[in-house]
Amino acid sequence: MKIGFVGLGNAGSKLAGSLLRNGYEVIVRDLNAEFMSDFVSRGAVAADSPKQLAQLSDLIITCLPSPSACSAVMEGTDTEAGIIDGLSAGKIWLEMSTTDESEMRRLGALVQAAGADPVDCPVSGGCHRADTGNISIFAGCSRAVFERALPVLTTLGRRVLHTGELGTASKLKVVTNYLATAHLVALGEALTACKVMDLDMNVSYEAIKASSGNSFVHETESQVILNGSRDINFTVDLVLKDVGLFNTLTQRQGMKLDLAPLLVDIFSQAQAEWGPREKSPNIIRRYEEPMGVKVLGTGFPADMVDDEPEAAGYELKVAGRQKG
């Protein structure tokens, strides 16, 4: 199978790397020529346009920073033809970005009109797990299309969940990113409070980890916060996009929430003050700086590390499932 991959950024480069590492023929496309050259040197083939990439591939993956970027790649621009122009019967499009479910369904209808099958399959778990093939993947599509895509999905990720019809995966992804953002802000407050109360930060980390206050975000992002690198390959503008998508999604349903609009405000202020490319865990600066402290521990890693060995992926089965 030939797989086309568009978007070789923080997450995309690691996902595409898993495909190469596992012997797939990979065709790549990115606006950054250096990223393209790196993959070509590792055995990938470079496409001249999104349309050509789609023509050469059996399965096409997009992993891009925003819904607008994905739309441009799919539908084309004034200067180059898009992926949809290169689709034909039997091909599959996997959208692995975090995107708006209504835009996913709009593009999905265009893909189906070209004879191909769309799947929204965002990833969750961090770039460190994307790099080892241990990331989690949600997939929204028909069951028949899911089973065709499953061998590729279990190469890219460890835990693969069929969420139901097209668009359901995108909805669930922004829910999980919203929760991760809420945990990150709460940890910023909590860790700064520990520092201000003159608690040992290494002891504080272990106390939270061993308690009912623990979370995936604490076990991973708190470590790079306490190291001082604060680097998880994710930035304030991307957090703002994700919580904004969740906020918009709930507003469409007529919900009036308390925390989601507050998170949008917090990260909007952070972007205005520190710039869009500030590292997202540095939201803790909001609490450190007024107190004149720096929250640091000792012996924590500068980068998040996946302590699970790479292993074959599998489908997560859902007990009591009623839809999909």
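The values are calculated or read from the model by the stated rules, or taken from the named source; none is laboratory data. Predicted, not measured: the structure shown is a model, and the values here were computed from it. Cβ atoms come from the backbone with ideal geometry, glycine included; neighbour counts cover every protein chain shown. Accessible surface areas use protein heavy atoms only, side chains included; no ligands, DNA or RNA. Shrake-Rupley method; radii C 1.70, N 1.55, O 1.52, S 1.80 Å.
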Restricting the range 188-218 to residues that are part of a helix (DSSP H, G or I) and open to solvent by 90 Å² or more (accessible area, probe 1.4 Å), the one farthest from MET291 (Cα to Cα) turns out to be PHE216
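When only residues in the range 299-317 that are open to solvent by 60 Å² or more (accessible area, probe 1.4 Å) and of a type in the set (A, V, I, L, M, F, W, C) count, which is nearest to the chain's Cα centre (by Cα)? Can you show your working first?
Restricting attention to the range 299-317, the residues satisfying the condition of being open to solvent by 60 Å² or more (accessible area, probe 1.4 Å) are 299, 303, 305, 307, 309-310, 312, 314, 316-317.
Cutting the leftovers down to of a type in the set (A, V, I, L, M, F, W, C) gives us 305, 312, 316.
Values: VAL305: 17, ALA312: 20, LEU316: 19 Å.
Among those that are open to solvent by 60 Å² or more (accessible area, probe 1.4 Å) and of a type in the set (A, V, I, L, M, F, W, C), it is VAL305.
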The one condition GLY320 fails out of (1) free of Cβ contacts under 8 Å to residues at least 40 places away in the same chain; (2) under 30 Å from ARG21 (Cα atoms) is (2)
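From the list VAL160, VAL174, which one is under 18 Å from LEU15 (Cβ atoms), open to solvent by less than 10 Å² (accessible area, probe 1.4 Å), touching a residue at least 40 places away in the same chain (Cβ under 8 Å) and touching a Leu at 6+ places or on another chain (Cβ under 6 Å)?
Residue meeting the stated conditions: VAL160.
When you scan the range 287-298, do you find a residue that is among the aliphatic types (A, V, I, L, M), open to solvent by less than 30 Å² (accessible area, probe 1.4 Å) and either under 23 Å from VAL203 (Cβ atoms) or assigned to a loop (DSSP other than H, G, I, E, B) (or both), even just one? Write out each step before concluding.
Just the residues of the range 287-298 that are among the aliphatic types (A, V, I, L, M), to begin with: 291, 293, 295-296.
If we keep only those that are open to solvent by less than 30 Å² (accessible area, probe 1.4 Å) too, we end up with 295.
When the remaining residues are screened for being either under 23 Å from VAL203 (Cβ atoms) or assigned to a loop (DSSP other than H, G, I, E, B) (or both), the result is 295.
Scanning the range 287-298 turns up at least one residue that is among the aliphatic types (A, V, I, L, M), open to solvent by less than 30 Å² (accessible area, probe 1.4 Å) and either under 23 Å from VAL203 (Cβ atoms) or assigned to a loop (DSSP other than H, G, I, E, B) (or both).
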Within the range 43-62, residues outside any helix (DSSP H, G or I) and either of a type in the set (A, V, I, L, M, F, W, C) or free of Cβ contacts under 8 Å to residues at least 24 places away in the same chain (or both) come out as GLY43, ALA44, VAL45, ALA46, ALA47, ASP48, LEU59, ILE60, ILE61
VAL45 vs (1) open to solvent by 20 Å² or more (accessible area, probe 1.4 Å); (2) closer than 23 Å to GLU147 by Cα; (3) of a type in the set (A, V, I, L, M): all pass except (2)
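Quick one: which residue in ALA114, ALA130, ALA182 is in contact (Cβ under 8 Å) with a residue 12 or more places away in the chain and more than 22 Å from ILE83 (Cβ to Cβ)? Steps first, please.
Numbers: ALA114 fails: more than 22 Å from ILE83 (Cβ to Cβ); ALA130 fails: more than 22 Å from ILE83 (Cβ to Cβ).
Going through ALA114, ALA130, ALA182 in turn, the sole match is ALA182.
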Subset of the range 272-281, residues open to solvent by less than 50 Å² (accessible area, probe 1.4 Å) and under 19 Å from PHE216 (Cβ atoms), comes to SER280, PRO281
Within the range 123-157, restricting to residues that are at pLDDT 95 or above and in a loop (DSSP other than H, G, I, E, B), the one that is surrounded by the most Cβ atoms within 10 Å (Cβ to Cβ) is CYS141
Within the range 23-42, restricting to residues that are assigned to a loop (DSSP other than H, G, I, E, B) and free of Cβ contacts under 8 Å to residues at least 12 places away in the same chain, the one that is farthest from THR235 (Cα to Cα) is GLY23
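Can you find even one residue in the range 53-69 that is at pLDDT 95 or above, open to solvent by 60 Å² or more (accessible area, probe 1.4 Å) and hydrophobic (A, V, I, L, M, F, W, C)? Before the answer, list the steps.
Looking only at the range 53-69, we keep the residues that are at pLDDT 95 or above, and these are 53-63.
Still in the running and open to solvent by 60 Å² or more (accessible area, probe 1.4 Å): 55-56, 58.
Narrowing further to those that are hydrophobic (A, V, I, L, M, F, W, C): 56.
The answer is yes; a qualifying residue exists.
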Note on THR98: of the conditions (1) at pLDDT 95 or above; (2) open to solvent by less than 40 Å² (accessible area, probe 1.4 Å); (3) within 30 Å of THR220 (Cβ to Cβ), unmet is (1)
Exercise. Hey, any hits in the range 233-256 for a residue that's buried (at least 19 other Cβ atoms within 10 Å of the Cβ), assigned to a loop (DSSP other than H, G, I, E, B) and not aromatic (Phe, Trp, Tyr)?
Worked result: yes
Just one listed residue, out of LEU15, LEU20, LEU8, is free of Cβ contacts under 8 Å to residues at least 60 places away in the same chain, open to solvent by less than 50 Å² (accessible area, probe 1.4 Å) and part of a helix (DSSP H, G or I), and it is LEU20
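Can you pull out the residues in the range 219-230 that are in contact with a helix residue (DSSP H, G or I) (Cβ under 7 Å, 6 or more places away or on another chain), open to solvent by less than 50 Å² (accessible area, probe 1.4 Å) and not basic (Lys, Arg)? Before you say what the answer is, go through the steps one by one.
Kept after step one, since they are in contact with a helix residue (DSSP H, G or I) (Cβ under 7 Å, 6 or more places away or on another chain), are these residues of the range 219-230: 219, 221-222, 224-226, 230.
Adding the requirement that they be open to solvent by less than 50 Å² (accessible area, probe 1.4 Å) leaves 221-222, 224-226, 230.
Matches in the range 219-230: GLU221, SER222, VAL224, ILE225, LEU226.
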Only one of (1) within 23 Å of the chain's Cα centre (by Cα); (2) under 29 Å from THR154 (Cβ atoms); (3) surrounded by fewer than 18 Cβ atoms within 10 Å (Cβ to Cβ) does not apply to PRO261, and that is (2)
